[in-house]
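The block underneath contains the structure these notes are about, expressed in structure tokens.
Coordinate-derived values only; no laboratory data. Everything numeric in this text was worked out from a predicted model, so none of it was measured. Don't worry about glycine lacking a Cβ; one is built from the backbone with ideal geometry, like all the others, and counts go over all protein chains shown.
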Amino acid sequence: MKVIETKQYQELSQLASNYISDKIKKKPNLTLGLATGGTPKKTYELLIEDHKNNGTSYNSVTTFNLDEYIGLDPENANSYHHYMNQTFFNHIDINRKNIFIPNGLALKMEQECREYEEKIKFQGGIDLQLLGIGANGHIGFNEPGTPFLSTTHVIELAPSTREANARFFDSIHDVPTHAITMGIASIIASKEILLLVSGEDKNAALKRLLTEEEPTEDFPASILKKHPHVTIIADKKALKGIGVMH
Ligand SMILES: O=P(O)(O)OC[C@H]1O[C@](O)(CO)[C@@H](O)[C@@H]1O
């Protein structure tokens, strides 16, 4: 895993945005895996700026999002469909038919999960997966204990995840209890992974990722150690007290 340290969140976001836009310039029909949450917000903002100022085009790009809450309508302000439209898709020239996000309202969830995997495979796999990390080490919504061999599935959210994400909702009671998420095997099948880590509340998770030896299902992000092409961009606060080789 290659670690790039930045001074703060702004610089982290600028590097991440440059990284992604360079990939699109090199491969205009890139298949991009996307994440939600607070961490990548500024990256999306800068990608939009880059699209407007430099003309980076998403016309031939295909995207697959990691996850979605179960039971939230795409119009719900807290759904990841809504997040992605507002934060990114509404501001770039992406072809709507090339956007894929798991359907949290599917009547047949098992079928939805299976078909999501098939769509990724049909597309030839994900070229670059953008990732965040939960304070408990989750990637996507794969909570501690999720099997490394998992593909897209329904998961019960950990209480700590619901608490952390309650900041986006009126009350913790409104945070869905379940989500549909790409599995750990689905994430790890991506050709390349870009993990963004910002802030002191991610320090312990990053320390565990960078220092502990063997991957363990108790700490989902640890599987990244087995992936041949992972780049981590982390700010000083996230890296505090962690010795990184430059
Ligand atoms: O960037 P945040 O808001 O800390 O979230 C970290 C991770 O948690 C999730 O939002 C799921 O809770 C992921 O999609 C994200 O990468």
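Evaluate E = 1/(1 + (r/R0)^6) for Lys225 and Ile172, where r is the Cβ-Cβ distance and R0 equals 35 Å; express this FRET efficiency to the nearest 0.05.
That pair, Lys225 with Ile172, gives E of 0.60.
At a Förster radius of 35 Å, what calculated FRET efficiency corresponds to the Cβ-Cβ distance of Glu45 and Gln111, to the nearest 0.05?
Here the calculated transfer efficiency is 0.50.
Please give the charge dipole size of segment 104-167, origin at the Cα centre, charges +1 on K and R Cβ atoms and -1 on D and E Cβ atoms. Round to the nearest 20 debye.
Magnitude of the dipole: close to 100 debye.
Under 37 °C and 0.692 mPa s, how fast does the chain diffuse according to Stokes-Einstein, given a Kirkwood radius computed over C-alpha pairs? Answer in µm²/s, whole number.
Roughly 182 µm²/s, to the nearest whole number.
Using a Gaussian network model of the chain with C-alpha springs under 10 Å, which one of Leu194, Leu105, Leu224 is most mobile by mean-square fluctuation?
Fluctuation is largest for Leu105.
Grab the beta carbon distance between Lys121 and Lys2, set R0 = 35 Å, and tell me the FRET efficiency rounded to 0.05. Don't skip to the end; give the middle numbers.
Working: r = 27 Å, r/R0 = 0.78.
In this case the efficiency is close to 0.80.
Calculate the dipole size of the chain relative to its Cα centre from +1 charges on Lys and Arg beta carbons and -1 charges on Asp and Glu beta carbons; express the result in debye to the nearest 20.
840 debye
On a 24 Å Cα-Cα criterion, which of the cross-link pairs Lys97/Lys119; Lys23/Lys240; Lys26/Lys52; Lys42/Lys226; Lys2/Lys191 come out too long?
Working: Lys97/Lys119 12 Å; Lys23/Lys240 29 Å; Lys26/Lys52 18 Å; Lys42/Lys226 28 Å; Lys2/Lys191 15 Å.
Table pairs above 24 Å Cα-Cα are Lys23/Lys240; Lys42/Lys226.
In deg cm²/dmol and to the nearest 500, what is the mean residue ellipticity at 222 nm of the chain if only DSSP H runs of at least 4 residues count, each as -39500 (n - 2.57), divided by the residue total?
Calculated at 222 nm, the ellipticity per residue is -9500 deg cm²/dmol.
Using the eigenvalues of the Cα gyration tensor, what equivalent ellipsoid semi-axes result for segment 117-224 when each is taken as the square root of five times the eigenvalue, whole Å, largest first?
22, 19, 13
If you take the charge dipole of the chain about its Cα centre, with +1 on Lys and Arg Cβ and -1 on Asp and Glu Cβ, which of Asn54, Tyr83, Pro102 is farthest toward its positive end?
Positive-end residue among those listed: Asn54.
Counting only residues 5 or more places away or on other chains, whose amide H sits under 5 Å from the amide H of Asn65 once H atoms are built in the peptide plane?
Result for Asn65 returns Leu34, Phe100, Ile101.
Per the Kirkwood treatment, what hydrodynamic radius in Å, one decimal, follows for segment 17-60 from the mean inverse distance over all distinct Cα pairs?
It works out to 10.8 Å.
Once you place label points 7 Å from the Cα toward the Cβ at Asp93 and Lys27, how far apart are they in nm?
Computed distance between label sites Asp93 and Lys27 equals 2.1 nm.
Principal axis extents for segment 1-143, Cα atoms only, whole Å, descending order, please.
Principal extents (Cα only, largest first): 43, 35, 31 Å.
List the aspartates and glutamates whose Cα sits under 13 Å from the Cα of Lys236, skipping any in the same chain fewer than 8 residues away.
Filter leaves Glu5, Glu11, Glu200, Asp201.
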